[in-house]
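Q: Below is a structure I'd like to ask you about.
The values are calculated or read from the model by the stated rules, or taken from the named source; none is laboratory data. Every value quoted in this text rests on a predicted model; they were computed, and no experiment measured them. Neighbour counts run over all protein chains shown; Cβ positions are idealised from the backbone, glycine included. Note: areas computed on protein heavy atoms with side chains; ligands, DNA, RNA excluded. Shrake-Rupley method; radii C 1.70, N 1.55, O 1.52, S 1.80 Å.
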Amino acid sequence: MENYSPDNPLIPGEISATTEANIIPPKPSAEEPKSKVNILMRSVSSLALYLVIGYYIFHSFEMLLLITAIVVFHEMGHFIAMKAFRYKDLGIFFIPLLGAYVSGSKREVSQKESAIILLAGPLPGIVLGAVFFIWQLKDQGISLAGIRLENISLLLMFLNIINLIPVYPLDGGQLLNRVFFNEESWLSKGFVILSAAFLIWVALFASEQKLYVLLLFPAMMLLRMFGDSRLNAIEKKVESTGINLDTSYEELPDEDYWKIRNIVIAEHPSFKDVPPAPPYEYHYKEDKIMTTIQGLLHRHLIQDVSVAGKIFIFIIWATAFASPWLLNVDMSRYLRLFGF
């Protein structure tokens, strides 16, 4: 039987023990950076599913490609900004009917970096849409790939401005929550709950067409809040023992890992079948336990945006959000598509 070790992948259903049960073994090695091939395959497969379902909805290959190109352009803004700030394990993943998101990890993040990353998605699309709109005013017959430039410009602005609405988890909502609120405060949690309630109202009542797909957002948000509250309770129990959680996983002492592990398996229902230590034995759920412990370690958000900086960010957001009205653009046709 192949045993689990920190450098050996887990095999479901198998358990291995250290030779000396009461000697504290090293904590499992943190997961190696995810394979770029695996991330690419997940991105491609999610894009394929996005296109298949999208074609079923739109019945127009040209419109589907246009919307997909706009989504990719938007997400590439986030991706490039996160790459510049040295995020790890970056990938773009598509959610059918809802859009896409960029996934990445970094332990220490600043408000300034967050603001740049969040605005790097919608701003380029809005600027490009405005340029195309002004261009087509001079030559109204111009088109790209058989699609009128006016339609491209309006859709670029429309989809990106929607993302700037200050409702979580849209870019505008994340910007408000990250830069203007304290994410650990009740004000932030209340904002997320209000955002979920607003999305439920939009999905069920705001439009003539029932946008039931939007219910996925509040469902995921509320599940995440429930999971976070459970982790917060475990975190308090760990801190009451005097263990320092203000550290990285790599710097976490082996002894502290096993102490935290005992608290996690006692408090988390997913690990009720895992025996506590000692004896010190790696369990087939060790990867999941390790991930939970990593989630308990404090993630630093550097408060580096001054009041003047917040005002500047607000002006940028407000200008971008108001751009259709500043350019006297008629967006009514796209609002009618959604029954507004």
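Q: Could you list all residues from the range 278-290 that are touching a helix residue (DSSP H, G or I) at 6+ places or on another chain (Cβ under 9 Å) and more than 13 Å from residue 26 (Cα to Cα)?
A: 278, 283, 285, 288, 289, listed by residue number.
Q: Looking only at the range 275-306, count every residue that is under 26 Å from residue 162 (Cα atoms) and assigned to a helix (DSSP H, G or I) and tell me the total. Even if it seems obvious, please write down each step before you answer.
A: Of all residues in the range 275-306, those under 26 Å from residue 162 (Cα atoms) come to 305.
Pick out the ones that are also assigned to a helix (DSSP H, G or I) and you get none.
Selection size over the range 275-306: 0.
Q: Let me ask something else about it. Within the range 73-97, work out how many residues are open to solvent by 30 Å² or more (accessible area, probe 1.4 Å) and acidic (Asp, Glu).
A: Total meeting the criteria: 1.
Q: Residues of the range 234-254 being under 23 Å from the mean Cα position of the chain (by Cα) and part of a helix (DSSP H, G or I), which ones?
A: Of everything in the range 234-254, just one residue is under 23 Å from the mean Cα position of the chain (by Cα) and part of a helix (DSSP H, G or I), namely 235.
Q: I've got another one for you. Of the residues 274, 305, which is buried (at least 16 other Cβ atoms within 10 Å of the Cβ) and closer than 30 Å to residue 127 by Cβ?
A: Details: 274 fails: closer than 30 Å to residue 127 by Cβ.
Only one candidate passes the filter, namely 305.
Q: Assess whether residue 33 counts as being at pLDDT below 55 and either more than 17 Å from residue 96 (Cβ to Cβ) or surrounded by fewer than 14 Cβ atoms within 10 Å (Cβ to Cβ) (or both). It would help to see each step written out before you state the result.
A: Numbers: at pLDDT below 55: yes; either more than 17 Å from residue 96 (Cβ to Cβ) or surrounded by fewer than 14 Cβ atoms within 10 Å (Cβ to Cβ) (or both): yes.
Here the answer is yes, as residue 33 does meet what is asked.
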